[in-house]
Each structure stands twice: as C-alpha cells, then as structure tokens.
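Data block below; observations after.
The values are calculated or read from the model by the stated rules, or taken from the named source; none is laboratory data. Computed from a predicted structure; not experimentally measured. Cβ atoms come from the backbone with ideal geometry, glycine included; neighbour counts cover every protein chain shown. All accessible areas refer to the heavy atoms of the entire protein, side chains included, with ligands and DNA or RNA removed. Shrake-Rupley method; radii C 1.70, N 1.55, O 1.52, S 1.80 Å.
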Amino acid sequence: MNPHDSLIPLLGRGPEPEQLRHVRTIPAREAVHASWPDWVHPDIAAAYGTLGIREPYKHQVDAANAAHSGRHVVVATGTASGKSLAYQLPALDAIHRSELRVLAEPGKIHDDGAVTLYLSPTKALAADQLNAIRALKLPTVRAETYDGDTDPSARRWIRDHANFILANPDMLHFGILPNHAWWAGFFRRLRYVIVDEAHSYRGVFGSHVANLMRRLRRICAYYGAGSAFPEPVFIAASATASEPEVSFSRLIGAPVTAVSQDCSPHGATTVALWEPALTDIRGENGAKERRTAVAETSDLLANLVSARIRTIAFIKSRRGAETISAITKRLLDEVDPSLPQRVAAYRSGYLPEERRAVEKALRSGQLLGVSSTSALELGIDISGLDAVLVAGWPGTRASLFQQIGRAGRAGQDAIAAFVASDDPLDTFLVNHPEAIFDVSVEATVFDPSNPYVLGPHLCAAAAELPLGPGELDLFGSTAEKLLDRLVAQGYLRRRPAGWFWTHSQSAAGMVNLRADGGGPVSIVDSETGSLLGTMDSPQTHYQAHTGAVYVHQGDTYVVEDLNEDDHCVMVRRSNPDYYTTARDVTQIEVLETLRTMEWGDITVHFGDVKVTTQVVSFQRKALISNEVLGEEPLELGARDLFTKAVWFVVDNRSLTGAGLIEAQFPGALHAAEHAAIGLLPLVASSDRWDIGGVSTALHADTGVPTIFVYDGHPGGAGFAERGFDKARVWLAATRDAIKACECDFGCPSCVQSPKCGNKNNPLDKAAAVTLLDVLLKDATEATPAGLDARS
C-alpha cells in the first residue's frame, strides 16, 4: 500500500500538501517469546498468568536472567515493550522465596531475606507501578510508596515491614540516606535497586542522581559487608538510547550489561514529517514567520478526531497543551457540536483523580483526542490509540520514538506526525529524515565530576558515614582535590581515618537534586498571598522578570515584581493572549583549556570559561501566530556563570580566502552561532535552553574570530563536551539546516534566536554557510578523552 494512503485521515484526499516533507513507514514487528526461566517460582509465573501473560518476551527473560545472575543490567527497548516485567521478575521471585522461608520456619531469624528499592523520576509513575505489582495479588509481597506524600504515621511501618518500596531520588536523598541507621534492616536485605526511566537522568539532574547512586552503593556496602549479598543488583529500564550500558554504568559507577533487542510486537506506524508553511507575517528584521506548530497541530488533531481516530498530541509546555485543546475544540464545534467534549488536555499538575479520569476516558474511547505534555510519555499504560502528533521536537530521538510508540500499542497499525516548530533543529530534521530514522538514538549526557554537583554530595556522603581514603575511587579522580577544598572552606575536617562532617545542620540540605544553581525564589500570588511554587534563582531573570507570563498548573499569571533581595516574585492572575521571551547580552572569558584538536587552520577547544550575562529586554509574542506584539527594556544586573564551553577559533585569512570580506565576519559568526546552539541537541540530549553562545570577530582571549557554545549550568552539564566530541557531525548538520531553510536572509527556522539581546543583528545567512564550510574543510573526529570520573 502507498504510505500516503495511510495518512488520508490526517491529510484528507486532496493532493499532497507542501507541508508534508517526508513519509516513512516503521514496519510491524512480530513477537519473540521465551519460556519462563527455571529459577522463577511457579507462583510468580501463575500470578502473571492471571493477567493474561502466559509467556514472556525474549528480552524480558534475557534481562531478568542477567539480574538474577548478579549482573547490573539495563533493558533499553521501545514503548510498551514490557520492561516492567523484566525487572519485576527477579525482584518478586527473591521476595516471594524469602517470605516463604520465613513462613516455613516462623521462629527462626533469617538474615538472607530480600527486599527491593524502586526509584522513578515521578510520583505518578511510582503509583502506576504500585498498582501493577498489587494487581499480581501475591500475598508475600508488601509493596508501598515512600515519598513526600506518605503519611508520617505510616513511614515507620513501611520502613520495617514493606519488602518492595517505591520511592524517588528526592526521598532517597533527603529521607533515607541521611537516616540510614533507621533503615539498617532494610539495607542488610536489599537485593535489587530498580531505576526506572533511566534515560530521563541527564544534564545537571543526571549528574546529581549519579552521585546519589554512588552514595547509595556506599551505604549498601556498609550494611552488606560479610553478608550473602554484599551489594544489591541495579536494574534499569530505559527508552532506546545510544550505548545504554555506558550511560547506566556512568550513572551507578559500575559495569553494566545491556539488553536492547526489542522482542515485543508492534503494528506498523506511518510517520509524516510536517513543516508549517511560511506566512506573510513579518518578524524581526523583516523575516517571514512560519505558522506555529500549535496552530498546525490543532488543525491536524481536529481532522483526526473528526474521523473518529483516537489521537494524542504531545507538546513540551503545559500552556501549549491547553492551547491545542482549546483551538481543536473550537474547530470541531464548527463541524459537529458533539465532538468538542471528546477532547481534553492532560498535563502534570492535575490531581490524581483528574489524571485517572482522563486516562480512563482515553482507554474506553470516550475521549477521542488528548493534547498532552510529556506527563503521559513516562511509562503510563495507554493502549488502543490510532495516531500520535508531536508538536515541536521533543528534545531527543528517544523521546520522539517513545511518544510515537504510544500509537499501535495494541498491535494495530497507526499513524504519527512530527510537526516542526520555528527552530533550526526542527528545520534540519524534517528535511533530513535520515537523521531521525537511520542513525542510532542519542547518548544520555551528564557529568558526575562537575564540582558544583560533586562537592555538596561529598559533604552529604561524609555526613552519612565518614569518607575513608579507600572510597574516593567511587566518586572519581577529582574527588580528593575537591575534598581538600571543602576542608579549606570549613565544610569538612580531615583526620587520619578520613573526612568528617562536623556541622549541626543537614549536609543533604546543601543539595537540590532538581535545581540548576542558586537558592530557590518563592512565587507568590499577590491577591491571595498564597505560595504557588518556587523557582531556582538563575531562571528568574528569564522567566520571572517584571511583565513575564508565568504558568502554574495551567493557570496563567503575570509577574508584577521580582524582589531579588527577599527572594520573592509577586504575580497576579491573568489570561493574556501572548507569551514572553527574555533577551540577553553575553560576554565570555577563557579560564582554562582542557582539550584541543586541530582542523588544519581551525582550532577547536573545550575548557573552563566565565560567562557574564545580562537580561536586557523581553518580547511579547502572540500565542497562536508567534507575531511580536512588543518589546520592553529591563534593568537587571549582570550575572556571572563559571561553566564549560566548546569554542571554534578561525584565522582571518581562512575566511577571506573563502571569499568573505571583514565586514561580513560578524554576521557570519553570529548566524552560525545561533544555528549551532539550535542544532546541539542533535548530538547531545540537551534542550536549547540548557546552552548559550557568544560569537565575536575579535575575541580578547584568542585575538581572532571565535564562536563559543557553553553549558548554561554552573560547572557544566556535559553538553558542551559532547559538542566537542561530535563537532564535525554537529557543524555539518548546522550548515545543512541553514541551507535547507527556504527563507531569503534568515528567520527563526534557521539563524534567528528568540534569546538574542542584539535583536538578531547582524546576521548573514549566506556568509554563515561559507564560514561553516571553512570550519568543516579539514574536520576530523575528536580523540576520546582519557578515562576519568565520567567513565
């Protein structure tokens, strides 16, 4: 069948529209089953049988066998491939057999009991897993969640009696490890640690969790010394990722086995790559604007719902999910007044009962269309869907395939569409489908040795148990030098036996796992005085300046005042038809070069830099059209950031030799820098807002034209170094994205940046292509960095 025929419900029966850039069919996959392993207790297999699982898939058995044999393992397969059974099987078998021994000899003390600790990035996912385990109705398994919502009166019982505890990294950090003595019995019997959605631990958050896993392993070793099981087995479930065993090994600091051959069945999925057309709306410097991904996705969702096709539309932002739902309902009301009530928005922030109601209505078919943030992406079991729309690049190929995998989950064929937003990466991908379908997915990037992350974790580890010299390898080669600095700063004391925490306050309080530097700022409703939430201080200049639109759990507010002295932001309820974007100007200083490679006359560096940034203004942009409605100046102080960067140094003669004149250098460098920032997520699992850039025709530290791209987090996040390692691929994609855009002189789809404090001026699109040709002329692959704390 012609793939286009599969898209008729999406496109209609007319001629193929110009927005359709590519159609690819992902073929159906047949199931490959395997027998239950011999070591699985018959009661466990029977319990799964009651749920209709008569025979596991081969990848489930392979992963379960690896864990049962004592190897740390990551199972990295597609959406709805049954990763849960792979980690449940060894864990539940160990618990069941342990409890049966206790029942058989009630008076005997059993030191070889078994318990499991499950960790997920969200409470919602832990709640789903709890329901799945309880559905097995195994009387020997006492599964309970242990998180910030757990009733304090129940916590002691859970600690002493539950044998399958579902928690999150935050609770492990604040509630369990600092109080490990209360958990001694649990740690002595801990057989398995399950890390669900392991691919979500990236960037600074991933760096924090990596050090948290090392602290957990250290406590486990302390209580497990001399026992039959001195260390628990770590099992990870991950979306498909590049070299998942390398990423998970870096996360836990130990060798890992990977199982990545997906043996579950899946229907064929026809995927459309869709680029909204340029409109007559003129943006900055006269550049044409594309129709927004929100408006385009709303049209497509309305088409599919009208055809009674059950569909999910994914978008990153809560506001986007609400807007797609509202526009779709308005469009449907013109066609059939009974249809708008069959469309809903779904996002994090809903109450559990609201969330369950949406899921139930979607499963039953009562709902035909849902616009969702990634809240529905993480492991929630929704099957029977016919179509998926993805509005804007979701960040990684892993996320894209996770999202489009929601369709066809029950084995039927499905359709999906990726709708490009006005962004260089999206432009590149819809015009280079091979970059989506024909290469491996990204590696998960994080850097456990970041001193801004590692230092506080070393303090927390020393507070849990004094740190001995023999334990430093666990935290990497930079740990000893960092410990000396912490001693000099008065945080730790050095004794012959090791390093000791001597303060009365909590060392765990020095670490905010999900923060990116700076203390929290309170968001307060000026009308009611209620605390809406908090924001990390580095974000406030961009997201909480006076006049900014702030969205909290679907409700929209406008910032009245940012009070940095009192760490407080005052907001008022409002419902504007626009959103805001802040714009900044940046200077950068090279502090130390750590790695270098020569590309003929071009030099590429990676190292430490000091970035000085000042937010100077903000724009109001129309929600549906992206049209700029106005720009206002801001008077905010400059901020310094010590971080990591990759930078490209090019000689003037190389540029003039390629036909550029010096007057073109600033526009070429500026345009290439903007596009390169937009394309870095192609090779690193970063978000555009995780990174920043600076370009100059004469930099003070290099004396020649230079482009910098830096991590937007103190100490770095691993993204800039990934850019250094993949520089040739990254810059080639940047050049191709600029060339693929059909605009004349540059637009938001190629070289304009929404953050640019210089009002996207100067920019020279054609000269940027020439500059990138010069950079790539003698480009080679980077030499791998030496083994260090990241390995």
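Quick notes on this structure:
- Residue that is over 24 Å from the mean Cα position of the chain (by Cα), part of a helix (DSSP H, G or I) and crowded, with 19+ Cβ neighbours inside 10 Å, where the choices are R722, R735: R735
- Residue count for segment 20-55 satisfying the condition of being part of a loop (DSSP other than H, G, I, E, B), open to solvent by 60 Å² or more (accessible area, probe 1.4 Å) and not β-branched (V, I, T): 8.
- Looking across segment 487-529, the residues that are of a type in the set (S, T, N, Q) and either open to solvent by 50 Å² or more (accessible area, probe 1.4 Å) or outside any loop (DSSP other than H, G, I, E, B) (or both) come down to Q489, T502, S504, Q505, S506, N512, S522, T528.
- Residues (more than 16 Å from N431 (Cα to Cα), open to solvent by 20 Å² or more (accessible area, probe 1.4 Å), out of contact with any Lys or Arg (no Cβ under 9 Å at 6 or more places or on another chain) and not hydrophobic (A, V, I, L, M, F, W, C)) located in segment 739-764: N761, P762, D764
- Among the residues of segment 558-599, the ones that are open to solvent by less than 60 Å² (accessible area, probe 1.4 Å) and basic (K, R) come to 2 in all.
- Filter pass, A671 being buried (at least 24 other Cβ atoms within 10 Å of the Cβ), within 17 Å of the chain's Cα centre (by Cα) and of a type in the set (A, V, I, L, M, F, W, C): no
- Among residues of segment 169-183 that are open to solvent by less than 10 Å² (accessible area, probe 1.4 Å) and in a helix (DSSP H, G or I), those with a beta-carbon under 7 Å from a residue that is of a type in the set (V, I, T) and at pLDDT below 95 at least six positions away or on a different chain give the pairs H173/V511.
- Some residue of segment 112-123 being more than 27 Å from S227 (Cα to Cα), in contact with a helix residue (DSSP H, G or I) (Cβ under 7 Å, 6 or more places away or on another chain) and β-branched (V, I, T): no
- Residues of segment 302-324 satisfying the condition of being closer than 12 Å to A416 by Cα and open to solvent by less than 10 Å² (accessible area, probe 1.4 Å): L304, T311, I312, A313, F314
- Of all residues making up segment 268-291, the number that are on the phi > 0 side of the Ramachandran plot and either at pLDDT 80 or above or open to solvent by less than 40 Å² (accessible area, probe 1.4 Å) (or both): 1
- Residue count, segment 530-575 (criterion: more than 21 Å from A638 (Cα to Cα), in a loop (DSSP other than H, G, I, E, B) and more than 28 Å from the chain's Cα centre (by Cα)): 3
- Checking each residue in segment 472-494 for being touching a residue at least 24 places away in the same chain (Cβ under 8 Å) and charged (D, E, K, R) picks out only R485.
- Any chance R342 is charged (D, E, K, R), surrounded by fewer than 22 Cβ atoms within 10 Å (Cβ to Cβ) and closer than 30 Å to C756 by Cα: no
- Criterion violated by E275 - all others in (1) touching a Gly at 6+ places or on another chain (Cβ under 7 Å); (2) touching a residue at least 60 places away in the same chain (Cβ under 8 Å) satisfied: (1)
- The single residue among L331, L400 that is in a helix (DSSP H, G or I), modelled with pLDDT of 85 or more, closer than 17 Å to A80 by Cβ and not polar (S, T, N, Q) turns out to be L400.
- Residue check, A64 touching a Pro at 6+ places or on another chain (Cβ under 8 Å) and either closer than 26 Å to E231 by Cα or among the small types (G, A, S) (or both): yes
- Taking the listed residues F229, F187, F205, the one that is over 30 Å from A720 (Cα atoms) and assigned to a helix (DSSP H, G or I) is F187, with no other qualifying.
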